[in-house]
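I have placed the structure first, in the form of structure tokens, so that the comments after it can refer back to it.
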Amino acid sequence: MSIDGRDLKFPKYVWEAPVRIWHWVMALAMVVLCVTGYFIGSPLPSVPGEAIDSYLMGYIRFTHFAAAYVFTVMLLMRAYWAVVGNKHAREMFLVPLYMLQPSWWRSFFRVLGHYLFIRRENDWHYGHNQLAMAAMFGMYLLGSVFMIVTGFAMYGEGTGMGSWQYNLFSSWVIPLFGQSQDVHTYHHLGMWYLVWFTIVHLYFVIREDITSGLTVVSSMISGWRDIKN
Amino acid sequence: MTETFYDVLRRQGISRRSFLKFCSLTTASLGLSPTVAPQIAHALENKPRTPVIWIEGLECTCCSESFIRSAHPLAKDAVLSLLSLDYHMTLSAAAGEQLRANAHDTIEKYKGKYILAVEGNPPLNEDGMYCIYYGKPFVETLKKYAKDAMAVVAWGSCASWGCVQAAKPNPTNAVPIDKVITDKPIIKVPGCPPIAEVMTAIVTYVLTFGRIPELDRQGRPKMFYSQRIHDKCYRRPHFDAGQFVEKWDDEAARAGYCLYKMGCKGPTTYNACSTTRWNEGVSFPIQSGHGCIGCSEDGFWDKGSFYDRLTNIPAFGVEANADKVGAVAAGVVGAAVVAHAAVTAIKKASEKSGSTKAEGK
Ligand code: HEM
Ligand code: HEM
Ligand code: SF4
Ligand code: SF4
């Protein structure tokens, strides 16, 4: 295989159906989590009338928690698919292992060189390029696990001692951070970390789609990567 | 001194009826089943009383002040008479060397059986010279008295977490007592100050059962620190409804809406205020219209303003909450993306014109 990937055979089926479904459901859940999470931190203006007639904050929090369960279950399912799915389903999870190989870093710097406008040609890959892998792992995956762990730690404070959320998360996460307020602060900061990822992700997905000569955005819909005519 | 607790009470002229009342009240506040009340009464009548030595390091005496205001008059008389007999600088009748001799007698006589109650904490910088106790650094007394204690009670946020004297930049290096006493069970009773009824109930528990109550992972008695202020706050329906005080003098403040937006730390504070309340159950901060400041939480001085919902991020040094940091960085990322896109477009365009030129040659 040549290092610039020009000898790869296309079209190639890259993203299997469970990966595609996960991607879009997860992305939707994340948008819901960001919006509701923001309004948990800085609530909307007061609702007039008697307290018994409204449940605005309650619904916002309920939506956050419902989306949180979807987000978590989706990630678990995605991790399962990494085990049984194709090679590309594993990419995001195995990045630290790839990083042990010098050849990974050689490719990484080639990709980086391209994005820094030092190298003109853009290497082709069936799955992600090395920079994307690093972001998928370091920003998306670690960020999401962090949100799930801190999120369930706060959730367990509400369900109380003895609940599985408390035993599994709150009991060690809260002492680890010092106190509950810090968990809130870092959970909130974690949202921004994922927002930064999403901005960069959207940009590169669209940029690659236009400039690389391969199909990118449509690959997450159809699953196929092909050479654009 | 093989007097029991009950003997002391009777000597002070307290009736059996009030004694039994005290037992049931304490049982209730400990969250134990009513059938335990006779057990408490029995223990207090028959067991020789456990001496308590109460020492004060770097502190403001608010814990002692709170303690003597326990709601049930008997509770304070009873428990106080127990304590002051042995050693409490502020409350004992004796003073100076005489008082100190008392403490040393108790330690001698009740090796491994007395309880050490610590109010305040030891500063460690300059070999502990920032808090002097009988001519020596307090930390030395603390270690010495703790050595033969059965258990140690950390009164208040000072002894439990460090509190104001350990707030940044903590020039004296004041540390919570568990940094110094590492080989004894420590019951942390945080709060600035802790609630009087909580204090007396915990002392009674230890005296009655001869063991420490069940603690959570951070060393606090579960019966009083397992729920947040927010979980039992009477303004909670307004929180769920989305009805908030926005300004201290607005209509919502008068109507008693939720103080979340005014920086109430109830959602992140473990204490019994919203159930036990203060001053004989009269009120508690939120009921008086002010948010909880999180006084029983570790490092509550260092989280920025008491009046902000989103607190400062300690790691950044400057005044910045998560939204400020996040939005600024998102702006930077966005700008970088736009710049990168622009350079990409220019490159593409120049490549294209370059290649058309080449083709047209
Ligand atoms: C993409 C993932 C997520 C994002 C962007 C997100 C965002 C947020 C934000 C911004 C807050 C407000 C924090 C504050 O200032 O106090 C929040 C609160 C919270 N989140 Fe999340 N969250 C995510 C995932 C989760 C998950 C997986 C859970 C697990 C159940 C969760 C549970 C909670 C809880 C319990 C709160 C506190 C609610 C309250 O105090 O009333 N979150 N979230
Ligand atoms: C909250 C929003 C989003 C998040 C968190 C997110 C996250 C991710 C992640 C983690 C992957 C890696 C999948 C894997 O390795 O298995 C990925 C791939 C991808 N995403 Fe997203 N995504 C989001 C929104 C979008 C949107 C709106 C689009 C469409 C414009 C999109 C298009 C793609 C494409 C095309 C890929 C495949 C990239 C490639 O072929 O290398 N994503 N996304
Ligand atoms: S006033 Fe404070 S403790 Fe009470 S419901 Fe509102 S945020 Fe929670
Ligand atoms: S309401 Fe909060 S700040 Fe006030 S005494 Fe209770 S725990 Fe401390």
I'd like the residue in region B:7-26 that is touching a residue at least 60 places away in the same chain (Cβ under 8 Å) and open to solvent by 20 Å² or more (accessible area, probe 1.4 Å) and, out of all such residues, is farthest from residue B:130 (Cα to Cα).
B:14
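Given the structure, is residue B:345 more than 9 Å from chain A (Cβ to nearest Cβ) and more than 30 Å from residue B:244 (Cα to Cα)?
yes
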Tally of residues being open to solvent by 30 Å² or more (accessible area, probe 1.4 Å), within 13 Å of ligand 3 (Cβ to nearest atom) and on the phi > 0 side of the Ramachandran plot across region B:278-316
0
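Table: residues versus (1) in contact with a Gly (Cβ under 9 Å, 6 or more places away or on another chain); (2) surrounded by 16 or more Cβ atoms within 10 Å (Cβ to Cβ); (3) within 11 Å of chain B (Cβ to nearest Cβ); (4) of a type in the set (A, V, I, L, M, F, W, C).
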position	(1), (2), (3), (4)
A:150	yes, yes, no, no
A:155	no, yes, no, no
A:168	yes, no, no, yes
A:175	no, no, yes, no
A:188	yes, yes, yes, no
A:191	yes, yes, yes, yes
A:216	no, yes, no, yes
Being open to solvent by 50 Å² or more (accessible area, probe 1.4 Å) and farther than 30 Å from residue A:46 by Cβ is the filter here, so list the residues in region B:213-254 that pass it.
B:214, B:217, B:222, B:223
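To keep it simple, each residue is scored yes or no on (1) in contact with a helix residue (DSSP H, G or I) (Cβ under 6 Å, 6 or more places away or on another chain); (2) assigned by TED's automatic domain parsing to the domain that holds residue B:160; (3) under 18 Å from residue A:180 (Cα atoms).
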residue: B:280; (1), (2), (3): no, no, no
residue: B:284; (1), (2), (3): yes, no, no
residue: B:292; (1), (2), (3): yes, no, yes
residue: B:297; (1), (2), (3): no, no, yes
residue: B:308; (1), (2), (3): no, no, yes
residue: B:327; (1), (2), (3): no, no, no
residue: B:332; (1), (2), (3): no, no, no
Search region A:117-140 for residues being within 14 Å of another protein chain (Cβ to nearest Cβ) and assigned to a helix (DSSP H, G or I), and hand back the single one that is nearest to ligand 3 (Cβ to nearest atom).
A:139
Can you find a residue that is at the interface with chain A (Cβ under 8 Å from one of its Cβ atoms) and closer than 26 Å to residue B:223 by Cα anywhere in region B:279-288?
no
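For every residue, the table says whether it meets (1) within 11 Å of chain A (Cβ to nearest Cβ); (2) within 13 Å of ligand 3 (Cβ to nearest atom); (3) in contact with a strand residue (DSSP E or B) (Cβ under 9 Å, 6 or more places away or on another chain).
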{"residue": "B:181", "(1), (2), (3)": "no, no, yes"}
{"residue": "B:184", "(1), (2), (3)": "no, no, yes"}
{"residue": "B:202", "(1), (2), (3)": "no, no, yes"}
{"residue": "B:206", "(1), (2), (3)": "no, no, yes"}
{"residue": "B:210", "(1), (2), (3)": "no, no, no"}
{"residue": "B:225", "(1), (2), (3)": "yes, no, yes"}
{"residue": "B:241", "(1), (2), (3)": "yes, yes, yes"}
{"residue": "B:252", "(1), (2), (3)": "yes, yes, yes"}
{"residue": "B:258", "(1), (2), (3)": "yes, yes, yes"}
Which of the residues belonging to region B:56-68 are touching an Asp or Glu at 6+ places or on another chain (Cβ under 8 Å) and surrounded by fewer than 22 Cβ atoms within 10 Å (Cβ to Cβ)?
B:61
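Every residue, every condition in (1) at pLDDT 95 or above; (2) among the β-branched types (Val, Ile, Thr), yes or no:
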position	(1), (2)
B:136	no, no
B:196	no, no
B:207	no, no
B:212	no, yes
B:218	no, no
B:233	yes, no
B:238	yes, no
Considering only region A:1-46, how many residues are β-branched (Val, Ile, Thr), at pLDDT below 95 and within 16 Å of ligand 2 (Cβ to nearest atom)?
0
Filter region B:110-129 down to the residues that are open to solvent by less than 10 Å² (accessible area, probe 1.4 Å), on the phi > 0 side of the Ramachandran plot and in a loop (DSSP other than H, G, I, E, B) and list them by number.
B:120
Could you grab me the full set of residues in region B:27-40 that are touching a residue at least 24 places away in the same chain (Cβ under 8 Å) and open to solvent by less than 10 Å² (accessible area, probe 1.4 Å)?
B:30, B:40
Do we find that residue B:192 is crowded, with 18+ Cβ neighbours inside 10 Å, within 9 Å of ligand 3 (Cβ to nearest atom) and assigned to a loop (DSSP other than H, G, I, E, B) in this structure?
no
Just checking, how many residues over region A:57-110 are open to solvent by 30 Å² or more (accessible area, probe 1.4 Å), within 14 Å of chain B (Cβ to nearest Cβ) and free of Cβ contacts under 8 Å to residues at least 12 places away in the same chain?
2
Determine, yes or no, whether residue B:252 is outside the structural domain of residue B:32 (by TED's automatic domain parsing), under 20 Å from residue B:306 (Cα atoms), more than 15 Å from ligand 4 (Cβ to nearest atom) and free of Cβ contacts under 8 Å to residues at least 12 places away in the same chain.
yes
Which of the residues that make up region A:206-229 are within 8 Å of ligand 2 (Cβ to nearest atom) and of a type outside the set (Val, Ile, Thr)?
A:208, A:209, A:218, A:219, A:220, A:225
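The values are calculated or read from the model by the stated rules, or taken from the named source; none is laboratory data. Computed from a predicted model, the values in this text were never measured in an experiment. Quick reminder, even Gly has a Cβ in these numbers, built from the backbone with ideal geometry, and neighbours come from all protein chains shown. Remember, those area values only see protein heavy atoms, side chains included, never the ligands or the DNA or RNA. Shrake-Rupley method; radii C 1.70, N 1.55, O 1.52, S 1.80 Å.
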